[in-house]
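The values are calculated or read from the model by the stated rules, or taken from the named source; none is laboratory data. Bear in mind the structure is a predicted one, so any value in this text is a computation, not a measurement. Every residue, glycine among them, receives a Cβ derived from its backbone with ideal geometry; neighbour counts consider all protein chains shown. The accessibility values were calculated without ligands, DNA or RNA, using every heavy atom of the protein model including side chains. Shrake-Rupley method; radii C 1.70, N 1.55, O 1.52, S 1.80 Å.
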Amino acid sequence: MAVSQERITVYNLADLKNTSDDAIPNYLNSLKFTQSHRLTDVRLSLGFSAFTLAAACFLWDYKFGFESTKLYTGVAVTIYTLLNGLLTYWIFYVEKGTIYEGTAPSGEKIKISTSTPKKTVPEYHLNIEIEPSKKAKGGKKESFVIIRPFTEWFNAAGHFVVAPFQGMLAQSISVVGKADPKRAAPPAGVVDQPPVYSPEMLAALADAQVSVVGSAAETAATGSDAAKKAAAKRRKA
């Protein structure tokens, strides 16, 4: 089972998410998916245009002086503000956390965006959109959400384990399972379980002063404390 050499802190949600995000394009592209860079290209074009305009404004001001170029500078500042406004809108309202957009070998288009909305719970949220291929008749667009704990593919030492992550994608997303049938079938005897956090993960979260709400371990600890208090009351009586 392939394990990454890079080690991250298991209580840092940003590191957990970014490492997982980076693994998705690598996996899908290895399955002959064709990735679209449209969103990234537009973002880079807007950012580069704003930078070029700012650089040009600085150069003509340096060469000709402010008084002779203040009209052009005013126009440049207005355009720069518009470009940055468009860039902000594009990132927050068009990309919306999209980390992959492409076409499956079978022709379906797939879009994946990710997030970690609960900042105290180490869960990975994937929003999946699948558009049927043009050849498919009567196909409907699919949209669904996958929620999985990071502990499924990060070990206690903070290493990323490839096989369970790829298996999660292949078993949860039909077009990925179609391209990778070996990983689409869950291992024999494995039953899907609700998210459970390992003792190592809980210890790391506790050290970072992060509370994991609703975990199985917390529920068990609460029940144990209640039982001890009840026993103490009986002894006093």
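Being at negative phi, open to solvent by less than 40 Å² (accessible area, probe 1.4 Å) and either out of contact with any Pro (no Cβ under 8 Å at 6 or more places or on another chain) or not small (Gly, Ala, Ser) (or both) is true for just one of Ala54, Ala104. Which residue is that? None of the others qualify; the one that does is Ala104.
Looking across segment 83-93, the residues that are of a type outside the set (Phe, Trp, Tyr) and exposed (fewer than 13 other Cβ atoms within 10 Å of the Cβ) come down to Gly85, Thr88. Every condition in (1) out of contact with any strand residue (DSSP E or B) (no Cβ under 7 Å at 6 or more places or on another chain); (2) open to solvent by 20 Å² or more (accessible area, probe 1.4 Å) holds for Asn127 except the one numbered (1). When the criteria are applied in full, Thr69 fails the requirement of being in a helix (DSSP H, G or I), out of contact with any strand residue (DSSP E or B) (no Cβ under 6 Å at 6 or more places or on another chain) and surrounded by fewer than 15 Cβ atoms within 10 Å (Cβ to Cβ). Among the residues that make up segment 140-155, is at least one of them more than 29 Å from Asn12 (Cα to Cα) and either part of a strand (DSSP E or B) or of a type in the set (S, T, N, Q) (or both)? Scanning segment 140-155 turns up at least one residue that is more than 29 Å from Asn12 (Cα to Cα) and either part of a strand (DSSP E or B) or of a type in the set (S, T, N, Q) (or both). Screening segment 36-51 for residues that are part of a helix (DSSP H, G or I) and in contact (Cβ under 8 Å) with a residue 40 or more places away in the chain and picking the one that is surrounded by the fewest Cβ atoms within 10 Å (Cβ to Cβ) gives Arg38.
Within segment 75-112, the set of residues being in contact with a helix residue (DSSP H, G or I) (Cβ under 8 Å, 6 or more places away or on another chain) and of a type in the set (S, T, N, Q) comprises Asn84, Thr98, Ser106.
Out of curiosity, is Lys134 of a type outside the set (Ser, Thr, Tyr), within 23 Å of His37 (Cβ to Cβ) and part of a loop (DSSP other than H, G, I, E, B)? Spelling it out, Lys134 is indeed of a type outside the set (Ser, Thr, Tyr), within 23 Å of His37 (Cβ to Cβ) and part of a loop (DSSP other than H, G, I, E, B). Test Thr9 against the criterion of being at negative phi and not in a helix (DSSP H, G or I), and give yes or no. Yes.
Listed here are the residues, each with its yes/no results for (1) modelled with pLDDT of 95 or more; (2) within 20 Å of Glu123 (Cα to Cα).
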{"residue": "Glu6", "(1), (2)": "no, no"}
{"residue": "Tyr11", "(1), (2)": "no, yes"}
{"residue": "Lys17", "(1), (2)": "yes, yes"}
{"residue": "Ser20", "(1), (2)": "yes, yes"}
{"residue": "Leu28", "(1), (2)": "yes, no"}
{"residue": "Leu31", "(1), (2)": "yes, no"}
{"residue": "Thr40", "(1), (2)": "no, no"}
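How do the pairs read when you match residues in segment 150-168 that are within 18 Å of Pro25 (Cβ to Cβ) and open to solvent by less than 20 Å² (accessible area, probe 1.4 Å) with residues anywhere that are of a type in the set (Lys, Arg) and part of a helix (DSSP H, G or I), using Cβ under 8 Å and keeping only pairs 6 or more apart or on different chains? Correct list of pairs: Gly167/Arg183. Against the test of being at negative phi, of a type in the set (A, V, I, L, M, F, W, C), touching a strand residue (DSSP E or B) at 6+ places or on another chain (Cβ under 7 Å) and modelled with pLDDT under 95, the options Val190, Val210, Val161 yield a single qualifying residue, Val161. Within segment 23-35, the set of residues being open to solvent by 50 Å² or more (accessible area, probe 1.4 Å) and not in a helix (DSSP H, G or I) comprises Lys32, Thr34, Gln35.
Selection over segment 24-69 of residues that are more than 20 Å from the chain's Cα centre (by Cα) and polar (S, T, N, Q) gives a count of 5.
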